[in-house]
Amino acid sequence: MDISAGEYGYDGFYFERMLAAQAVDVLQADATRCLGISGFLQTAALCAARGVPLSAHCAPALHAQVGCACANVRHLEWFHDHARIERLLFDGAPQPESGCLVPDRSRPGLGLEFKRADAARYAA
């Protein structure tokens, strides 16, 4: 069984310390916590330099696109409730196809469009 951790990491120094200590078999990062997409890409580069695979933590609508840009991403952690909320609030949230997330290349950026009318009922 592989050991994975790091989803609460916040910068390259955090991930480098985990890799240097050989604390994980698979490093896990979350772009919402580790300085965004740039931080996630930096973490992927650190993993590639040490030959350690990377896992994306939750937020499939965010990580599906950036994960495709990283050859060493092994998997994306999927929580049904997170994916349900993404579909509730965003058009273009990816759906699994045969166990894989395939970003819609016809949509710009992350491929998401905020559903303002649907989200309005949750405003305070």
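Only the coordinates and a few stated rules stand behind these numbers; no lab work does. Here the structure is a predicted model, which means the values were calculated and not measured. Please note: Cβ atoms are built from the backbone with ideal geometry, for glycine as well, and neighbour counts cover all protein chains shown.
If each residue of separation counts as 0.36 nm, what is the full-extension length gain between Ser98 and Thr32 once their alpha-carbon separation is subtracted?
21.1 nm
Based on the mean of other beta carbon atoms within 10 Å per residue, what is the order of 78-90, 36-48, 95-107, most packed first?
36-48, 78-90, 95-107
Once R0 is set to 30 Å, what does the formula 1/(1 + (r/R0)^6) return for the Cβ-Cβ distance between Met1 and Tyr122, expressed as a FRET efficiency to the nearest 0.05?
E(calc), rounded to 0.05, equals 0.15.
Which value in Å is the Kirkwood Rh of the stretch 6-74 over different Cα pairs?
One decimal place: 11.4 Å for the Kirkwood radius.
In terms of modelled amide H atoms, which long-range or inter-chain residues lie less than 5 Å from the amide H of Phe90?
Hits under the 5 Å cutoff: Lys115.
Based solely on its DSSP helices, what 222 nm [θ] is calculated for the chain when runs of n ≥ 4 H residues each add -39,500 (n - 2.57) and the sum is averaged over all residues, nearest 500 deg cm²/dmol?
Value at 222 nm, helices only, nearest 500: -11000 deg cm²/dmol.
So I have [x] 99; [y] 209; [z] 121, and one of them is volume of the Cα convex hull per residue in Å³ calculated from this model. Which one is it?
[z]
Under 5 Å between amide hydrogens, which residues at least 5 positions from Gly6 or on another chain qualify, with H placed 1.01 Å from N in the peptide plane?
Gln28
Using θ = phi - 60° and the Karplus curve 6.51 cos²θ - 1.76 cosθ + 1.60, what whole-Hz ³J(HN,Hα) does each residue of the stretch 40-57 get, with Gly and Pro shown as x?
Ordered by residue, 3J(HN,Hα) equals 5, 5, 4, 5, 4, 5, 4, 5, 4, 5, 9, x, 10, x, 10, 10, 8, 9 Hz.
What FRET efficiency comes out for the pair Ala23/Arg87, r = Cβ-Cβ distance, R0 = 35 Å, nearest 0.05?
0.50
How big is the antiparallel share of DSSP beta bridges in the chain, given as a percent to the nearest 5?
Percentage antiparallel, nearest 5: 35.
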